[in-house]
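Since every read-out is calculated from the coordinates, none of them should be taken as a lab result. All values reported here derive from a predicted model rather than from experimental measurement. Backbone-built Cβ (ideal geometry, glycine too); neighbour counts: all protein chains shown.
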Amino acid sequence: MKTSTPLNYSFKNTNMELEKYDFQWDENGHKASQVLMKYQKAIDFYGLHGWKAEINSRAKRRGGCCKPRKKVLDVSAWLVRKNGFRRIENTILHEIAHAIEYNEYGKTDHGPRWQRIARAIGCDGKRCFTSDNTELPEPKYYLVCPNCGKKSRRHRKPKVSYACGTCCTNGYDEKYKLILQQNH
């Protein structure tokens, strides 16, 4: 297994169909198409033949995703746009580690074997990014507790009612039903 990372290399445009991603810029001036090319080059660098890089324009609550049956690794367009390529490099390596584990063992998770692979290729080996170290897109909705004021982020309008997990300790209680507020 290769232990260095090609993500800091400069890559020239290839024959990939990238025009649909060129409108998305990060704060350092990278086009999303450039991020996609670097992602694909990294996938190829690690010998993941047949795997494809994608940028997911719908994903807002996750940084990336490994879809082993389709041999697709994706990264959130929102994450790229808000945080730039340097910040999402760990997410890209995270997903590549999943693909390597899947290719070698036929399944993947966030267990010790995946963590070993992730650290070997330069990822921090952690499961998720956090709002402490990553700028997240603004949600379309908030669910607000009428009792304590705690807010929960939602990108889609909820179809069911929720109660505050902090205030409502013995099952659902209508008294602590969260109030939907539209953000934009």
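Computed values, structure above
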item: Given LYS41/LYS126; LYS41/LYS82; LYS151/LYS177, the pairs whose alpha carbons are separated by over 20 Å; result: LYS41/LYS126; LYS41/LYS82
item: Residues with amide H under 5 Å from that of GLU54, placed H, sequence gap 5 or more; result: LEU73, ASP74, VAL75
item: Whole-Å distance, taken between Cα centres, linking the stretch 67-124 and the stretch 35-52; result: 11
item: Karplus-derived 3J(HN,Hα), 6.51/-1.76/1.60, for each residue of the stretch 153-165, Hz, glycine and proline x; result: 7, 9, 8, 10, 5, x, 9, 10, 8, 10, 10, 5, x
item: The stretch 137-184: trypsin sites (Lys or Arg not before Pro) in DSSP loop, at most 10 other beta carbons within 10 Å; result: ARG156, LYS159
item: FRET efficiency, ARG69 to TYR105 (Cβ-Cβ, R0 25 Å, nearest 0.05); result: 0.95
item: Mean separation of Cα contacts under 8 Å, 6 or more apart, over the residue count of the stretch 141-182: relative contact order %; result: 50
